[in-house]
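Below is one structure, written out as C-alpha cells, with a few remarks after it.
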Amino acid sequence: MPSVDSGVLNQRSRPADVGCQVQFKPQVWFTRLWQRIQRWRRVAYERRLLASMDHGALKDIGLSRADALRESQRPFWDERPGE
C-alpha cells in the first residue's frame, strides 16, 4: 500500500486556505449592495413604463402587448444575463 504524505493530505483537505486570503471590505460590500438596489429600482421602473406603453409605442420597439405584460409582471430581481 503506498504511503500518503500527511502534509499533502492536509493541503488537499483545505483548498480555500492555500494561497487564498479573502478579506471582508465593508465599503466595497456596501457599494455593491447599493448598486444592486439601484439596478433593481431601475428595472422595476422600466417594467412599469413598459406596462404603461400604448400599442403604437410597443409596435415601434417590436413588442406585442402580451410580450410587454409578460415582461412587466416579472419580479424586479429576475434579470436575464446582459440586461
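Quick note: the coordinates plus some simple rules give every number you see, no bench work behind them. Quick caveat, the model's predicted, so the values are computed rather than measured. Here the Cβ positions follow ideal geometry from the backbone for every residue, glycine too, while neighbour counts run over all protein chains shown.
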Problem set entry | Residue satisfying all of: in region 20-58; assigned to a helix (DSSP H, G or I) and of a type in the set (F, W, Y); surrounded by the most Cβ atoms within 10 Å (Cβ to Cβ) among these | W40
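Please go through region 29-66 and give me each residue that is of a type in the set (K, R) and within 15 Å of the chain's Cα centre (by Cα), ordered by number.
Within region 29-66, the subset of a type in the set (K, R) is 32, 36, 39, 41-42, 47-48, 59, 65.
Those that are of a type in the set (K, R) and within 15 Å of the chain's Cα centre (by Cα): R32, R36, R39, R41, R42.
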Exercise. Could you list, in sequence order, the residues of region 59-72 that are loosely packed, with under 15 Cβ neighbours inside 10 Å, in a helix (DSSP H, G or I) and among the aliphatic types (A, V, I, L, M)?
Worked result: A66, L69
